[in-house]
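I have placed the structure first, in the form of structure tokens, so that the comments after it can refer back to it.
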Amino acid sequence: MALAFRRACSYNFCMSDEYFLTDISARIWDSKYRFRDHGEIRDLTVVDTWRRIARALASVENSQREAWAQRFYSVLEGFRFLPGGRIQAGAGTPHKVTLFNCFVMGPVEDSLNGIFDALKEGALTMQQGGGVGYDFSTLRPRGQPARGVGTVASGPVSFMRIWDSMCATILSSGARRGAMMATLRCDHPDIEDFIEAKRSPQMLRHFNLSVLVSDEFMQALAGDKDWPLVFPLPPGDEPSGDIVYRAWSGADKPLPCRVLRRVRARALWDRIMRATYDYAEPGVIFIDRINRLNNLWYCEHVSATNPCGEVPLPPYGACDLGSLNLTAFVRAPFRSEARLDQGAIRDTAAVAVRMLDNVYELSGFPLPQQAQTARGTRRLGLGLTGLADALIMLGIPYGSDKSIELAGQVMQTICHSAYRSSVALAREKGAFPKFDADKYLQGEFIRTLPADILEGIRGRGIRNSHLTAIAPTGTISLLANNISSGLEPVYEFSYWRRVREADSSLTSFKVADYAYSLFRRERGEQAELTPAFVRAADVEPDSHLAVQAALQRYVDNSISKTVNVPEGFGFEAFRGIYEQAHKMGLKGCTAFRPNPVTGQVMVAEEGVPGEKQCCFVDREVGVPGGA
């Protein structure tokens, strides 16, 4: 990593560790990723952690395991490649945990038995460290008759509260903080209850919420038309009355749905926007676009995502994530000759694909359905982090035309390298089981790839159905000396951050952004910051979206992105962010305005850390994230 140096810190374990530049990064490693066996420390330094991960991932190779272990170590060293947190914590240990960060669970059957079976599956998955996503659109709306028992349904939101309590119980038992995503269709009759569900600060705190917005709804919005709220007829009922057909969640063909009432599309949209403006949820997922661009359009239907939205998944699908730390590839930072080493990025991405692919052989799964689905597609989510810090080190302001162009070039390099690596892996180890060459090559995203990749896929297949995603990377970016997270701009250059200890107590740390710290070490405390030192508050919403759009062209899964706006940002302009996101071809959108319900994400250095205002490191998978 750029300018790694030996540093004495306040923790004995890192007195001789040259890679940690901050106390909080060492603490994150010690509390979350350092291997202890029944209390006995096994990873003496972070180098031992990297070697443990490298050896574990190489152990499933058919040959040359030592050589692969060394190659894997070489990209881990200095935080160049950051595998997902579950991989870092669990690979090479005897702990019964999954190495997959998140899952989308199976359809929730509209019966009491089905609901509690789904609840049990979620509990078992979170017990092993996986976050979960659910589409609750399959549950009948509040007030509808529950046949056979003479009662009426209480609706999806009421059952979501049971999930929320379960998640809190898993957390209190000492497991990794549970994280959940709940989605609901924009035409479900309980959509308004869903939109308002988190208005109270005490409600559904372990859930992120997103509305599944269809193309048809956006057309109704553009035409200022009425919008039907519907639910599928019970099996066996003859369609009669006001009926429409919908490709409903959990069904493999359009179902006849009864129209229960109609609302103005604009009124419903404004209700979503007002809730998001007031308390930062729900987010919006353009679900038809996601399914249309899905590489596996021919064999699966998606109606939910992982908790932060960067990986849309079919029922029982899994996230296998990792990120390239762009700050590690900046040469001559802060100088006129500063540049980004695209060749090194390309080579590192190729090795990272093999590492993430090996997770499928190394990891267990909480449920057999997850193993079957995940191994049938071998999805990967290789992305980037530290984009904003890398731009600062290169002297390029975030949101400028040059930054947007460079961001796209970097993601193109990662994407094409990942696809070429996966084609080579297919020749060596075989294509993913659900691969169908003719249908796969018809995919809308696949058709944008270079000719040599398309020829390779047709001739040899491809090992992984999907290759790229951009995750929020909150905790692993903090581990890597507090580099900027994912593709987000730097929020503040100095701020307070809280870390939850193993005993659930909270410790506050005053931390500084990586690029800012590096600049101060090189230029001194009094040196004037360059124009490239841009904070999130300095970036216009259109520029946020433009950066996301530049990357989305090369992301086959999706992107976790939050457009930060100031508290005084007007509602009309705020609403326009989401409509602009749809016009720009994004798969979803989340914007965040500081508000009394959720407070601020972080508090600047001069502020006093408080319960609402301070950023919690264990909220990495709990922050709203747009697709």
For the stretch 389-478: relative contact order, % (alpha-carbon pairs under 8 angstrom, 6 or more apart): 32 percent
Of all DSSP beta bridges in the stretch 102-305, antiparallel share, percent nearest 5: 45 percent
The stretch 279-296 - phi-based ³J(HN,Hα) in whole Hz, Karplus 6.51/-1.76/1.60, Gly and Pro as x: 8, 6, 8, x, x, 10, 10, 7, 5, 5, 5, 4, 6, 5, 8, 5, 4, 9
For Ser558, distant residues with modelled amide H under 5 Å away: Ile470
Pair Ala338, Ala251: separation of 7 Å Cα→Cβ label points (nm): 5.5 nm
Cα-based helix-to-principal-axis angle, 156-172 vs the chain, degrees rounded to 10: 30 degrees
Average Cα contact separation per residue, the stretch 102-305, under 8 Å, 6 or more apart, as relative contact order %: 20 percent
Rounded to 10°, Cα long-axis angle of helix 401-429 versus longest principal axis of the chain: 80 degrees
Amide H partners (placed H, <5 Å) of Val490, local residues excluded: Ala536
Per-residue Cβ neighbour rank within 10 angstrom, fewest leading, Val547, Val263: Val263, Val547
Sequence ranges 444-453, 420-429, ranked by mean other-Cβ count within 10 angstrom, highest first: 420-429, 444-453
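Counting residues in the chain as N, plug N into 2.2 N^0.38 Å and put the Cα Rg over that result.
So the Cα radius of gyration is 0.93 times the expected 2.2 N^0.38 Å.
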CD proxy at 222 nm, helix term only [per DSSP H run n ≥ 4: -39500 (n - 2.57); per residue of the chain; nearest 500]: -11000 deg cm²/dmol
Compactness of the stretch 116-240 as Cα Rg over 2.2 N^0.38 Å, two decimals: 1.20
Residues whose placed amide H lies under 5 Å from that of Leu99, excluding near-sequence neighbours: Gly364
Pairs from Lys253/Lys587; Lys225/Lys439; Lys439/Lys587; Lys198/Lys587; Lys32/Lys429 whose Cα-Cα separation, in the structure shown, is over 27 Å: Lys225/Lys439; Lys32/Lys429
On Cα atoms only, tilt of 368-377 relative to the major axis of the chain in degrees: 70 degrees
Value of relative contact order over the chain, rounded to a whole percent, pairs C-alpha under 8 Å and six or more apart: 15 percent
3J(HN,Hα) from dihedral phi, the stretch 457-469, Karplus parametrisation 6.51/-1.76/1.60, rounded to Hz, x for glycine, proline: 4, 5, x, 10, x, 8, 6, 10, 5, 10, 10, 10, 7
Mean Cβ count within 10 Å, highest first, over the residues of peptides 402-408, 71-77: 71-77, 402-408
Rounded to the nearest 20 debye, dipole of the chain from Cβ charges on Lys, Arg, Asp, Glu: 820 debye
From phi via Karplus (6.51, -1.76, 1.60), per-residue ³J(HN,Hα) for the stretch 432-439 in Hz, x at Gly/Pro: 5, x, 8, 5, 10, 4, 4, 6
Equivalent ellipsoid semi-axes - Cα gyration tensor, the stretch 29-110, angstrom: 25, 18, 13
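Values in this text are rule-based calculations from the coordinates and carry no lab data. Computed from a predicted structure; not experimentally measured. Don't worry about glycine lacking a Cβ; one is built from the backbone with ideal geometry, like all the others, and counts go over all protein chains shown.
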